[in-house]
Each structure stands twice: as structure tokens, then as C-alpha cells.
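Engineer: Below is a structure I'd like to ask you about.
Taken together, the values in this text are just the output of simple stated rules run on the coordinates, not laboratory data. Everything numeric in this text was worked out from a predicted model, so none of it was measured. Using ideal geometry, Cβ is built from the backbone for each residue, glycine included, and neighbour counts are taken over all protein chains shown.
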Amino acid sequence: MDDLKAKWLEAIGAAADESALETLRVQAVGKKGEISLKMRELGRMTAEERQVAGPALNALKDEINSALSARKAALGDAALEARLRAEWLDVTLPGRPGRQGSVHPVSQVWEECTAIFADMGFAVAEGPQIETDWYNFDALNIPGHHPARAEMDTFYMHRAEGDDRPPHVLRTHTSPVQIRSMLDQGAPIRIIAPGRVYRADYDQTHTPMFHQIEGLAIDRDLSMANLKWVLEEFFSAFFGTKVKTRFRASHFPFTEPSAEVDIQCSFEGGMVKVGQGDDWLEVLGSGMVHPKVLKAGGIDPDEYQGFAFGMGIDRIAMLKYGIPDLRAFFDSDLRWLRHYGFSALQVPTIRGGV
Ligand code: PHE
């Protein structure tokens with residue numbers, strides 16, 4: 001009896017899981033289990049033998065049953081324990097902060113320009129980046145044979161044979177928005193048109209896609225003096241210091257007279273400082289809108305005149321933030337963007353308002 005007891009209790013204590021335990025239960029106390037068979041033998045015993053063996057067998061059966069249920073409970077606890085350990089979650093840990101983006105320097109400068117011109121009453125106008133060659137060239141007094149077409153390194157859109165839509169180009173400048181605004185709203189006009197433009201060009205200061213901001217003002221008595229005032233106001237607000245401008249006679253097919261505009265600066269130790277010194281840096285093209293352009297825009301040149309200008313957003317961003325290579329704007333190097341990025345837009349305003 002003692003051997004039986006030792007054997008089963010040891011086996012039960014060592015059962016690794018519930019199914020091993022169930023097998024042991026069947027083998028020990030199941031209908032044909034060892035203990036049950038021994039109980040059946042009681043009938044063949046003498047009354048005396050039975051008096052000793054009967055209670056002992058019953059006690060052993062009870063012991064085995066309680067060992068079975070104790071082991072079952074222990075196995076269940078261990079399983080739960082293991083699960084709790086595996087699925088443990090520390091809800092008191094601080095959360096992982098979401099990555100915070102920042103404003104790209106070009107967008108920052110774009111917004112700065114828009115805000116400053118808005119202070120001077122310029123509304124924002126837009127045009128498509130895929131433009132017909134009429135808006136991009138012809139209407140701006142750049143006919144088919146004109147050398148400016150070749151100089152602009154234009155990207156032409158492919159046209160399938162039999163496609164009779166007008167030829168399209170990736171706009172080479174924001175000036176076509178001048179024509180669109182004239183045709184859309186008529187005179188008077190006071191708009192800026194910031195946007196992307198495209199030229200097949202690539203080096204330290206040229207990328208195939210870059211940004212320009214166009215300005216157009218049309219009214220009954222505007223002159224170059226108004227243009228000069230607007231630009232000096234703009235540059236002084238943009239650079240946060242009084243900036244002188246220098247107008248150099250130039251030529252654009254869509255303005256007459258035309259001027260290239262330089263801003264006052266100094267070059268010190270490879271750094272450009274705007275608004276001081278006696279060097280000059282070219283930043284934009286401008287002029288009085290050519291009468292032919294007004295006509296193409298449906299405006300009577302005998303009644304109205306105006307000025308227009310176009311400048312590179314990337315270029316003035318490089319100047320303001322001391323960025324030496326234009327191509328870095330478009331490399332998507334996060335370290336670079338973080339270095340020049342801004343977590344919130346900082347928008348300058350005209351001193352004292354207009
Ligand atoms: N569109 C010209 C350029 O891209 C700039 C310009 C705009 C010049 C308006 C005069 C007037 O170079």
C-alpha cells in the first residue's frame with residue numbers, strides 16, 4: 001500500500017501539464033485504473049483481510065484524488081503566472097513622444113513673403129504648373145522665334161501624335177499668372193503669385209524645380225517709383241533691417257522699361273550680410289508691364305499701366321538664412337532640415353503697417 005501511494009503521488013507531483021495529469025487519473029482511479037482494480041479484489045478476500053484493506057484502499061483513493069486536484073490547481077496557477085509575466089505591461093512608463101515636424105525653410109520664406117505683401121494690399125493669385133506655351137511665352141511677348149524661349153531651358157510636355165491641344169510646358173516662371181489674373185479680374189490688380197517653376201538646369205545655384213514669387217500691380221497711375229517703394233519696403237521687412245535697392249537697366253520682353261534689382265550687402269568672410277556695406281547682389285527682375293502684355297490680358301494700355309517683378313524664393317531664403325547650396329533644399333536630409341527648420345511659422349510685418 002505504501003509503495004502504491006509513493007508511486008502515484010510522485011507521478012502526480014511530476015505531471016507537467018493538465019493532459020499528463022488526466023492520463024494519470026485514468027491509470028490510477030479510472031474505471032480500469034490500478035486502484036479501482038485493487039478494490040475489485042476486495043470481494044475475494046476474507047472478512048478480516050477486507051476490514052484492513054478496504055479502508056486503506058479508500059483512504060489511498062481519496063489521497064490520490066486530492067493530490068490530483070491540488071496538482072491541477074498548481075498547474076493552472078503556473079500557467080496564469082507565466083501568461084501574466086509574458087504579457088506584462090507597464091502602464092506607468094512615459095509614452096513615446098510623437099515625432100514633430102518643422103516648416104521647410106522654403107515654405108517659411110514663402111509664408112514670410114506672402115505676409116509682407118499682404119500688409120501692402122497684395123492678394124495671392126495662382127496658376128497651373130503645367131501651362132500652355134501661350135500663357136508662358138506668347139502672351140508675355142515672347143514669340144516662337146524669341147531667344148528667351150531657348151534661354152529658359154524649357155521642359156516641354158510630350159504630345160501624342162494627333163493630339164491637337166495647344167503645346168504645354170512646365171512653366172519656366174510665374175509670369176504667366178500675370179496674364180491669368182488680367183483675364184480673370186481685369187484692372188485694377190494688385191497680386192503676388194508664389195509658386196513652383198521649372199528649368200532644365202542643375203548646379204550649386206540652380207535646380208530643375210525652384211520657387212518664384214511674381215508681383216503685379218495695375219492701376220491708372222502707377223510708376224517705377226511705386227515699384228521701388230514696394231520692393232524696398234518688402235526687403236526691409238523681410239531682412240528686418242533697412243535695405244537699399246539699386247535698379248539696373250535690363251531687358252525682359254514683357255516689361256518696358258525693365259530693370260534688374262540689386263540689394264545692398266556686404267561680403268565678410270564668405271558670409272553675405274544684407275542691408276549694410278557697399279556691395280550689391282542681384283535678386284530680381286522687374287519693370288513696367290509692356291503694353292502688348294496688357295493687351296494680351298485684355299487691358300487697355302492707354303488707360304492703365306503697372307509694374308511687375310519676379311524673384312526667386314529659394315534665392316532670398318539662402319540669403320536670409322546663410323544657406324550656401326541651393327540643392328540642399330531638395331535633398332530631404334532630416335538633419336539639414338532640422339538645422340534650418342522652424343517649429344512654428346515666424347511671420348514678419350511691415351514696420352508700423354501701411
Ligand atoms: N519672369 C522673369 C524671370 O523669370 C522675372 C520677371 C518678372 C521680370 C516680372 C520682369 C517682370 O526671370
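Engineer: How much FRET efficiency would the formula 1/(1 + (r/R0)^6) give for Met271 and Lys244, where r is the Cβ-Cβ distance and R0 is 25 Å, rounded to 0.05?
Structural biologist: For R0 = 25 Å, the calculated efficiency reads 0.85.
Engineer: Explain nothing, just the number: relative contact order of the chain, from Cα pairs under 8 Å at least 6 residues apart, as a whole percent.
Structural biologist: 17 percent
Engineer: If you build the Cα gyration tensor of the range 21-146 and take the root of 5 times each eigenvalue, what three semi-axes come out, in whole angstrom, biggest first?
Structural biologist: That gives 98, 21, 8 Å for the three semi-axes.
Engineer: In vacuum, with every alpha carbon of the range 2-86 counted as one equal point scatterer, what does the Debye formula give for log10 I(q)/I(0) at q = 0.13, 0.19 Å⁻¹? Two decimals, please.
Structural biologist: Rounded to two decimals, the profile gives -0.48, -0.82.
Engineer: Give me the net charge for the shell around Leu337: Cβ to Cβ below 13 angstrom, other residues only, Lys and Arg +1, Asp and Glu -1.
Structural biologist: In short, +1.
Engineer: Kindly identify the range 160-223 as rounded, prolate or oblate by the Cα gyration tensor criterion: order the square roots of the eigenvalues as a ≥ b ≥ c, call it rounded if a/c is under 1.5, otherwise compare a/b with b/c, prolate if a/b is larger, else oblate.
Structural biologist: Oblate shape, in that a/c is at least 1.5 and b/c is the bigger or equal ratio.
Engineer: Based only on other Cβ atoms within 10 Å, what is the fewest-to-most ordering of Leu140, Leu284, Leu337?
Structural biologist: Ordered from fewest to most neighbouring Cβ atoms within 10 Å, Leu140, Leu284, Leu337 come out as Leu337, Leu284, Leu140.
Engineer: A follow-up question, please. Using the per-residue mean of other Cβ atoms lying within 10 Å as a proxy for protection, in what order, highest first, do the peptides 226-239, 304-317 fall?
Structural biologist: Those peptides, ordered most packed to least, come out 304-317, 226-239.
Engineer: Provide the packing ranking of 209-220, 319-330, i.e. peptides ordered by the mean count of other C-beta atoms within 10 Å per residue, highest first.
Structural biologist: Descending mean neighbour count gives 209-220, 319-330.
Engineer: Does the range 105-340 come out rounded, prolate or oblate by the C-alpha gyration tensor, with a ≥ b ≥ c the root eigenvalues, rounded set by a/c under 1.5 and, if not, prolate when a/b is larger than b/c and oblate if not?
Structural biologist: It is oblate, given that a/c is not under 1.5 and a/b is not larger than b/c.
Engineer: Going down the table (Lys244/Lys295; Lys228/Lys320; Lys295/Lys320; Lys242/Lys295; Lys273/Lys295; Lys292/Lys320), which pairs top 30 Å between alpha carbons?
Structural biologist: In this structure, Lys244/Lys295; Lys295/Lys320; Lys242/Lys295; Lys273/Lys295; Lys292/Lys320 exceed 30 Å between Cα atoms.
Engineer: What shape does the range 220-316 take by its C-alpha gyration tensor, where a ≥ b ≥ c are the square roots of the eigenvalues and a/c under 1.5 counts as rounded, a/b above b/c as prolate, and the rest as oblate?
Structural biologist: Verdict is prolate for the range 220-316.
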